[in-house]
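The values are calculated or read from the model by the stated rules, or taken from the named source; none is laboratory data. What you see is a predicted model, and the numbers here were worked out from it, not measured in a lab. Heads up, the Cβs are rebuilt from the backbone with ideal geometry, glycines too, and the neighbour counts pull from every protein chain shown. Ligands, DNA and RNA are stripped out before the accessible areas are found, and what is left, the full protein with its side chains, is counted by its heavy atoms. Shrake-Rupley method; radii C 1.70, N 1.55, O 1.52, S 1.80 Å.
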Amino acid sequence: MRPANEALIVIDVQNDFCPEGRLAVSDGDAIVPLINEMLGSFQTRVFTQDWHPAGHSSFATSHEGKVPFDMIEMPYGPQVLWPDHCVQGTRGAEFHRALNSDAADMIIRKGMNPDLDSYSAFFENDHKTPTGLAGYLAARGVDHVRLVGLATDFCVYYSAMDAAALGLNVEVDRSACRAIDLDGSLAAAEDAMRDNGVKLL
Ligand code: VGL
Ligand code: ZN
């Protein structure tokens, strides 16, 4: 068993990010057995769930003339436009059915604000609006997090950077992550994480 100051954070292991999902990450479901095994050795286990209202501003279908993976400028900065995904209450938004989600101590839902995307488990993409996870971890005496899940170069990456900025000790276990990798985004994310003191396993 890992010590009580360490948490496992399982990012967005949902049907829409797995093969056959709306924003499928190649091999995304391959990490499920590994994560299930890891869950047994952490005393604090947090899951995140991307949880968008229909018509969310991060969907290409919400912008006339745009297609998935186009970029737009939002008031809070550049935003990739995605296929519709993880719409609240749909099968695509559910955790992968083989994932042991019963093990979650805490489930953080994010991306509910129609005008603002949210990749990180800690802050929405304006880098200001908190999800409450930092307070939850602090209240439980957690100062060390291990991140796994989908996708390495988006939600795992943003979560790792925010965790490091909050002063937590951060590890990303790449054996239990898979990437989207848009135009070199995986290499860029790994470089930025290393530069910010995130330990890549
Ligand atoms: C994610 C794109 C859009 C992720 C979520 O979980 O990495 N990526 N929404
Ligand atoms: Zn999303």
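Surface calculation, 1.4 Å probe, protein heavy atoms: residue 178 sits at approximately 60 Å² accessible. Cross-link partners of residue 110 among lysines, defined as those whose alpha carbon lies under 18 angstrom from its own and excluding same-chain residues fewer than eight positions apart: 128.
Taking all Cα pairs closer than 8 Å and separated by 6 or more residues, the relative contact order of the chain comes to 24 percent. Using θ = phi - 60° in the Karplus curve 6.51 cos²θ - 1.76 cosθ + 1.60, the 3J(HN,Hα) couplings for the range 173-181 round to 8, 5, 5, 10, 9, 9, 10, 7, 6 Hz; x is entered for Gly and Pro.
If you sort the three axes of the alpha carbon gyration tensor as a ≥ b ≥ c, you get a/c of 1.5 or more for the range 82-133 and a/b no higher than b/c, which makes it oblate. Between the residues 57, 131, 21, the greatest Cα displacement towards the positive end of the dipole of the range 14-132, with unit charges on the Cβ of Lys, Arg, Asp and Glu, is found for 131. Counting heavy atoms of the protein chains alone, residue 52 has an accessible area of about 0 Å² for a 1.4 Å probe.
With charges only on Cβ, +1 for K and R and -1 for D and E, what is the dipole size of the chain about its Cα centre, in debye, rounded to 20?
With Lys and Arg at +1 and Asp and Glu at -1, about 580 debye.
Accessible surface area normalised per residue over the range 1-84 is 43 Å², counting heavy atoms of protein chains with a 1.4 Å rolling probe.
Restricting attention to the range 1-155, close to 25% of DSSP beta bridges with both partner residues there are antiparallel.
For the range 69-201, what does the alpha-carbon gyration tensor say about shape, rounded, prolate or oblate, given a ≥ b ≥ c as the root eigenvalues, a/c under 1.5 as rounded, and a/b over b/c as prolate? Note, shape of the range 69-201 comes out rounded.
Which of the three applies to the range 33-90, rounded, prolate or oblate, going by the alpha-carbon gyration tensor with a ≥ b ≥ c and a/c under 1.5 meaning rounded? Write out the running numbers ahead of the final one.
Values: a/c = 2.97, a/b = 2.46, b/c = 1.21.
Prolate is the answer for the range 33-90, as a/c is 1.5 or above and a/b outweighs b/c.
Put simply, the amide H of residue 13, placed in the peptide plane, has neighbours under 5 Å in 48, 150, leaving out anything fewer than 5 places away on its chain.
The string of couplings for the range 64-75 from the Karplus curve (6.51, -1.76, 1.60, θ = phi - 60°) is 4, x, 9, 10, x, 6, 5, 10, 10, 9, 9, x Hz, one whole number per residue in order, with x for Gly and Pro.
Normalising the average separation of contacting C-alpha pairs (under 8 angstrom, six or more residues apart) by the number of residues puts the relative contact order of the range 26-101 at 31 percent.
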